[in-house]
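The values are calculated or read from the model by the stated rules, or taken from the named source; none is laboratory data. Predicted, not measured: the structure shown is a model, and the values here were computed from it. Every residue, glycine as well, gets a Cβ built from its backbone with ideal geometry; the counts of neighbours run over all protein chains shown. Note: areas computed on protein heavy atoms with side chains; ligands, DNA, RNA excluded. Shrake-Rupley method; radii C 1.70, N 1.55, O 1.52, S 1.80 Å.
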Amino acid sequence: MASLKSKKLKSIPAEITVPGDKSISHRSAMFAGLAKGTTVIDGFLPSEDCLCTVHAMQALGATVEPLEEVEGIGLVKLAITGNGMKLKAPSKPVDCGNSGTTIRLLSGILAGQNFKTELFGDASLSRRPMKRVADPLGQMGAKITGQGEKICAPLTVEGGNLKSIYYKLPVASAQVKSAILLAGLFAQGKTTVVEPVPTRNHTERLFTHFGIKWLREDDCVTVYGGQEPRATDIVVPGDISSAAFWMVAAAATPGAQITLKNVGLNPTRTGIIKVLLRMGALVTSSETHSDGEPRGNITVRGGDLNATVIGGAEIPNVIDELPILAVAGALARGKTLIRDASELRVKETDRIAAVAQNLRAMGVTVTEHPDGMEIEGGAKLQGATLPCWGDHRIAMAFLVAGLFAEGTTTIEGTECIATSYPGFEHHLDLFLLGDTGARPIPVMSTVPQPLVDKMNRAKSS
């Protein structure tokens, strides 16, 4: 089992470029695999989760050509050639790894295919509820079976002739919304999803990018069946959920300043900026590109943070950032309240329980609630040896917490970080070693043959 250590930070680097956005990388690979022709994806996140999606699309008939690799991160540019909306039946069950995005969105795509597919994942994914996807896809005419009342993986998806539906989401979820909308491409008529509160809209933006017509009216998102994505090159911006760790580190350091380069600035993902502004940090963003997904630079200037309340309609916008925002709450003056976030209970681990337990181990007073927690800020953090329960965001959040603790903080089981942030350890070292600049990670001009061989093996397996 791997482990990483952190201790009091030496300095804040001037700038960092984080890897590509996880949500957009997943969806880009899927859309490219559904389109006829070749799509080049630049800025792709080569995390274990996103590579599961690439390998899944290969198993369903797409061709993948690696184009460029970054040392210490992995494949960042690739070409995917799809054969259209009629996919081929995979020769064996499809491995979704630890990725809820892969298994849920792929279920929507497979609901429209005239064959049976088995989807499975690791132990963590196999505990996550898939009934929220199986129910609406079942109403559309697919048959999805799984384990227990929550219909957990392994899943069997039997697709076929789908009918359109009008579906109100019981819980705000971009993954469930996306699965239904993708299935709607294979259904007759129009499929509409009603959101209780707005969620991230990467699927809808990619619909536009790939030439799919859709409509947003108030809280309803509608897509029309019978459309096929058009192969179109795409640039993936940096992931703001990855940038969030360094944003909080800088925000909690008086006098510090950091610039995160080429980060996605989609308004459905920038809730962390609003939260940090409320807490007293000075955060500015400048949009440099608006093609497909807006992206640009974020600059954070640190100071003394104050407590805040995070809840209500903003929760879907910051759901992935809540573990590191809880750390920010521990470093702030006053009591920070996180509420309306029961969705954290069914992530890679129970993130409410995990965050509360680890903060207490570092000397913070935390009151746990069914849908969140109250964090009493201002205590001096103490280094500790902490578990992360196989959850990448818990691991990274508490390595950042260790930058403000007395002594050494050791996080056990940090191999899970590779599911979302290859290169995280390199960037952590910039804070630990007192490096005031973001050392560039060299880009290889050609893709090493072993990587080409690996991709080819994934296709043939």
Of the residues that make up region 165-174, is at least one in contact with a Leu (Cβ under 9 Å, 6 or more places away or on another chain), crowded, with 22+ Cβ neighbours inside 10 Å and in contact (Cβ under 8 Å) with a residue 24 or more places away in the chain?
no
When every residue in region 293-306 that is open to solvent by 30 Å² or more (accessible area, probe 1.4 Å) and in contact with a strand residue (DSSP E or B) (Cβ under 6 Å, 6 or more places away or on another chain) is compared, the one farthest from Asp21 (Cα to Cα) is Asn306
Checked region 1-33 for anything among the hydroxyl-bearing types (Ser, Thr, Tyr) and open to solvent by less than 40 Å² (accessible area, probe 1.4 Å); matches are Ser6, Ser11, Ser23, Ser25, Ser28
I'd like the full set of residues that are under 22 Å from Gly423 (Cα atoms) and surrounded by fewer than 20 Cβ atoms within 10 Å (Cβ to Cβ), limited to region 60-72.
Leu67, Glu68, Val70, Glu71, Gly72
With the checklist (1) buried (at least 22 other Cβ atoms within 10 Å of the Cβ); (2) farther than 30 Å from Met140 by Cβ in hand, flag the one item Leu282 doesn't pass.
(1)
How many residues are in contact with a helix residue (DSSP H, G or I) (Cβ under 7 Å, 6 or more places away or on another chain) and either open to solvent by less than 20 Å² (accessible area, probe 1.4 Å) or closer than 23 Å to Gly383 by Cβ (or both) when one looks only at region 320-341?
14
If I filter region 360-375 for residues that are closer than 26 Å to Lys150 by Cβ, at pLDDT 95 or above and more than 24 Å from the chain's Cα centre (by Cα), do I get at least one hit?
yes
Testing Leu162 on (1) in contact with a Phe, Trp or Tyr (Cβ under 6 Å, 6 or more places away or on another chain); (2) closer than 15 Å to Ile103 by Cα; (3) not hydroxyl-bearing (Ser, Thr, Tyr), one condition comes back false. Which one is that?
(2)
Near pairs, Cβ below 8 angstrom, 6+ apart or cross-chain, from region 356-379 (touching a residue at least 12 places away in the same chain (Cβ under 8 Å)) to any residue that is in a loop (DSSP other than H, G, I, E, B) and among the charged types (D, E, K, R)
Gly363/Lys380; His369/Arg339; Asp371/Arg339; Asp371/Asp340; Gly372/Arg339; Gly372/Asp340
So Ile180, is it touching a residue at least 60 places away in the same chain (Cβ under 8 Å), in a helix (DSSP H, G or I) and touching a Pro at 6+ places or on another chain (Cβ under 7 Å):
yes
Within region 144-155, the count of residues that are assigned to a strand (DSSP E or B) and open to solvent by 40 Å² or more (accessible area, probe 1.4 Å) comes to 3
Over region 381-409, the set of residues closer than 15 Å to Gln357 by Cβ, out of contact with any Asp or Glu (no Cβ under 8 Å at 6 or more places or on another chain) and either open to solvent by 10 Å² or more (accessible area, probe 1.4 Å) or charged (D, E, K, R) (or both) is Ala384
All but one of (1) open to solvent by 10 Å² or more (accessible area, probe 1.4 Å); (2) farther than 20 Å from Phe120 by Cα; (3) assigned to a helix (DSSP H, G or I) hold for Phe207, so report the exception by its number.
(1)
Among the residues of region 120-143, is there at least one that is aliphatic (A, V, I, L, M) and assigned to a strand (DSSP E or B)?
no
Qualifying residues in region 258-275 (those that are outside any helix (DSSP H, G or I) and over 17 Å from Val18 (Cβ atoms)) - the one least open to solvent (accessible area, probe 1.4 Å)
Thr268
All strands (runs of 3 or more DSSP E) inside region 22-111 with 3 or more residues being modelled with pLDDT under 95:
74-83
Open to solvent by 60 Å² or more (accessible area, probe 1.4 Å), among the hydroxyl-bearing types (Ser, Thr, Tyr) and either over 25 Å from the mean Cα position of the chain (by Cα) or under 23 Å from Asp304 (Cα atoms) (or both) - does that describe any residue in region 342-350?
no
For region 192-204, check the following and say yes or no: at least one residue is over 26 Å from Glu321 (Cα atoms) and assigned to a helix (DSSP H, G or I).
no
